[in-house]
Amino acid sequence: MNRLLKNREILLVAIIVVMIAGFATRAEGFASPANLANIFNDTSILIILALGQMAVILTKSIDLSVAANLAFTGMAVAMTNAAYPDLPLALLIVLAIGIGAFLGAINGYLVWALQIPPIVVTLGTLTIYRGMAFVLSGGGWVNAHQMTPSFLNVPRLPVLGLPVLSWIAIFIVIGAWFVLTRLPFGRAAYASGGNPTAAVYAGIDIGWTKFLAFVLSGALAGLSGYLWVSRYAVAYVDIAAGFELDTVAACVIGGISIAGGIGSVAGAVLGALFLGVIKNALPVIGISPFAQMAISGIVIVLAVVFNARAEKKAGRIILRDRAVPEGSA
Amino acid sequence: MKLANKLAIGVAIAFAAMTTAASAADMKIALVVKSLGNGFFEAANKGAQEAAKELGGVQVIYTGPTSTTAEGQIEVINSLIAQGVDAIAISANDPDAVIPALKKAAQRGIKVISWDSAVAKEGRIMHLNPSSNELIGKMCLTLAKNHLEGGKGDFAILSATTTSTNQNTWIAEMKKQIKDFPGLNLATTVYGDDLADKSYREAQGLLKSQPNVKVIVAPTTVGVLAASQAVKDAGMIGKVYVTGLGLPSEMAGAIKSGATKEFAIWNPIDLGYSATQIAYHIVKGDTDAKPGSAIKAGRMGSIKIGDNGEAAMADPFVYNAKNIDEFSKIF
C-alpha cells in the first residue's frame, strides 16, 4: 500500500478519480461515461502538446513557443484550405506537421548550434511565430464558412464511440511511449537531461538530441494547429494564447522534472487530464467566475506539492568517504 | 507663404468650378474614412451615395488615406479645403491630431462632423456613434426574446473577461432593461475570456448545468462563434440558440448551421447614410446640431444629439439567413 502511494502515476490517478467523484456530487452526470469521453476529447490537444513538451523538458530544455507555433500553423493551413478547397485533407495535415516541425527545428537549431538557453530562444520565437501569424493573415480571420466541411468535420467523426480527435491523441500517446522508451532517441533524451556529463561519456550527442526533441515538439504543435482550428472552426492570430503554460503545467503536475531526465508518458497524459477535468468542471459546478482562476491555480499547486512529497527520494551515497566516519563530521 | 498660395489657388479653382459647373448648386459632402479599401467603409460609402441620391443636388466625395494614419487624413482634409467642399464627415484615425486641419476647414465655413470614430469636441460640430450602450443592451434582449418561443424563457450571457469595460457596460444595460421584457429571465452570466477554448467550454457547461437556458447571448465575436460551435457539436441545434454581436463574415458559418438565427452589429451602410443626411441638414441650416436638438435623417428617422454633441444612430442592425450572404462579403 505504501509502495503504491509512492508511485506518482497511481497517486495522480487517485487524485483525478477523487476529483471527478467530488465534482459529480455538485454536477449531476459529471462522472457519466459520455461526459468523461467528452472531457478526454476536449483535453486531446493538450495531451498532444504536453507529450511534445515532455520530450523537450526531458532534455533539460523548455519549449515556450508551442502555442505560437500552433497559432501560426493553424492559420497557415486554414488559409490554404480557404484558398484551395480542392486540396485533400491528408495533404493539409502533412503540411501542418511539416510547418510545425520546421518551426520546431528553428528552435532546436538555435539551442543546438548556437548554445543559446532554450528559455531565451523559445521566448523569442514565441513572439516571432505569433507575429508571423499576424503578417500571414494581415490580422484577418478565417471563418467557418470559408473552410471546407471535411476540414472541419473529420476530427469530429465518431469511430467506435470516440471522435477521431480522441483517437489521434490515443495513437500519439502510444507513439510517444514507444519513441521515448523503445527507441535510441528516447533513451538519449532521458540520459542527456538526467546526467549530461555521463551522457557525453556514453557517446550521446546532447545537442542533436535536444534538436530532435524540439522538432518532435514542433511537429506535434503543428498537428495541434490543424486540430485546434477545426475544433473551434475559426482561425485568428490570438488562438491558444497562453496555452504554452498549460502544457508546461501538465508536465509539472505529471511529475516530469523541470530539471530534466525524469518523467513518464503516463505522467504527462495524467497531468493533462488533471487540467482537463478542472477546466471542464469549473463551468458546471457553479463557482463564481471571479474565483475560478484562483481556484484552479490553488488546485494545481496542491497537486504538485502532493506529488513532490510523494516522490521525495533520499539522497544516495554511492561512495563513502572512509576517512570521515559517519556522524562525526 | 507656400501653403497660403496653394490654398488661394485651390479656393480660386474651387470658386471657378463652382461658378462654371452647370449644377452649381450641388452640395459637396466629403466622406473621409480611416483608410480606403476597407470593406466596412466601402459599405458606408454605399449608404452615403444612397442618401445623396435621395436628397438630390448632393455630391458625395468618398476619400481617405491609403493607410490608417492621422497624417494621411490631414493631407486629405487640406485637399478637401482646397476643393471647397461644403461639409466634411470624418471617421478619425486620431481624435486630436486632425483637429488643427479641421479647425482650418471650419474657419472657411465647412461644416465638420465626425462619425464612427470620434474627433474630440473642439474639432467638430457633432459626432455620430453607430449605436449607444443602451441600444446595444436593448438589442441583445430583443435578440434573446426573438429566439425564445413566445418571447418567454431563460437565457444566459457569455461574456469576454470579467474586467472588460464595454462588455460589463452592456451587461449592466441588459440587467437594467430586462424589466421591459416580461417573461425573459437571465439565468447566469459566464465569462469565456475571449478565448475560443474557454468560451467553448463555458458554453458546453451552460448546456449541461442550465438545461432551462434556451438562448445564449454573447456580446463578443469570439464568444458567439465558440458558443455556436459548442451547440452544434452537442447536437442541440434547434433546441438552444446562440445570438449576440458579431461581424457577418465571421458569423456566416453559424447562421448556415442553424445554431444562430439572427445576430446584430451596427450597419455601416446606415452609418454612411445617416452621416450624409446629418451633414446635409447642417449645411442647409435646418439645425445647429447643438446638444438637445434633433436632426431628421431620412429613413433612419430623427437622431437626437446628446451630451458633448454626440448622437447615437440607431439599434444595431440585425443580420439573418436572408441578408448574411450579402453582408458577409462586405465586412
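The values are calculated or read from the model by the stated rules, or taken from the named source; none is laboratory data. Since this is a predicted model, take the numbers as computed values, not measurements. Neighbour counts are summed over all protein chains in view; Cβ atoms, including those assigned to glycine, are modelled from backbone coordinates with ideal geometry.
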Here are some residues: A:31, A:71, A:37, A:67. Which one is in contact with a Lys or Arg (Cβ under 8 Å, 6 or more places away or on another chain) and within 14 Å of chain B (Cβ to nearest Cβ)? A:71
Given the stretch A:124-196, what helices (runs of 4 or more DSSP H) lie entirely inside it while holding 1 or more residues that are away from chain B (no Cβ under 14 Å) and of a type in the set (Val, Ile, Thr)? A:164-182
What pairs can you find where one residue is in the stretch B:252-263 and in contact (Cβ under 8 Å) with a residue 60 or more places away in the chain and within 8 Å of chain A (Cβ to nearest Cβ), the other is assigned to a strand (DSSP E or B) and surrounded by 17 or more Cβ atoms within 10 Å (Cβ to Cβ), and their Cβ atoms are less than 7 Å apart, with a gap of 6+ or different chains? B:252/A:143
Mind listing whichever residues of the stretch B:79-109 are among the β-branched types (Val, Ile, Thr) and either surrounded by 22 or more Cβ atoms within 10 Å (Cβ to Cβ) or more than 22 Å from residue B:290 (Cβ to Cβ) (or both)? B:81, B:85, B:88, B:90, B:98
Any residue at all in the stretch B:296-303 that's in a loop (DSSP other than H, G, I, E, B) and under 17 Å from the mean Cα position of the chain (by Cα)? yes
Considering only the stretch A:293-309, I want to know if a residue exists there that is within 14 Å of chain B (Cβ to nearest Cβ), touching a strand residue (DSSP E or B) at 6+ places or on another chain (Cβ under 7 Å), surrounded by 13 or more Cβ atoms within 10 Å (Cβ to Cβ) and at pLDDT below 80. no
Determine the pairs where a residue that is closer than 18 Å to residue B:329 by Cβ, located within the stretch B:43-56, has a partner that is assigned to a helix (DSSP H, G or I) and acidic (Asp, Glu) with Cβ atoms under 8 Å apart, the partner being 6 or more residues away or on another chain. B:47/B:270
Evaluation of residue A:229 against (1) of a type outside the set (Gly, Ala, Ser); (2) touching a Gly at 6+ places or on another chain (Cβ under 7 Å); (3) away from chain B (no Cβ under 14 Å) (one fails), failing number: (3)
How many residues are assigned to a helix (DSSP H, G or I) and either surrounded by 23 or more Cβ atoms within 10 Å (Cβ to Cβ) or more than 10 Å from every other protein chain (Cβ to nearest Cβ) (or both) when one looks only at the stretch A:232-245? 3
Are any of the residues in the stretch A:259-266 touching a residue at least 60 places away in the same chain (Cβ under 8 Å) and either within 14 Å of chain B (Cβ to nearest Cβ) or part of a helix (DSSP H, G or I) (or both)? yes
Residues being buried (at least 24 other Cβ atoms within 10 Å of the Cβ) and closer than 14 Å to residue A:48 by Cα: count how many of those fall in the stretch A:255-266. 1
So in the stretch B:230-249, with the set limited to residues that are surrounded by fewer than 24 Cβ atoms within 10 Å (Cβ to Cβ) and within 13 Å of chain A (Cβ to nearest Cβ), which one is nearest to residue A:143 (Cα to Cα)? B:249
Go through the stretch B:281-329 residue by residue and tally those that are hydrophobic (A, V, I, L, M, F, W, C) and within 14 Å of another protein chain (Cβ to nearest Cβ). 3
Can you report the number of residues in the stretch B:216-229 which are more than 9 Å from every other protein chain (Cβ to nearest Cβ) and either in a loop (DSSP other than H, G, I, E, B) or touching a Gly at 6+ places or on another chain (Cβ under 7 Å) (or both)? 6
Top-ranked residue of the stretch B:200-215 - restricted to ones that are more than 8 Å from chain A (Cβ to nearest Cβ) and in contact with a strand residue (DSSP E or B) (Cβ under 8 Å, 6 or more places away or on another chain), ranked as modelled with the lowest pLDDT: B:210
In contact with a helix residue (DSSP H, G or I) (Cβ under 6 Å, 6 or more places away or on another chain), within 14 Å of chain B (Cβ to nearest Cβ), within 24 Å of residue B:222 (Cβ to Cβ) and buried (at least 21 other Cβ atoms within 10 Å of the Cβ) - does that describe any residue in the stretch A:80-91? yes
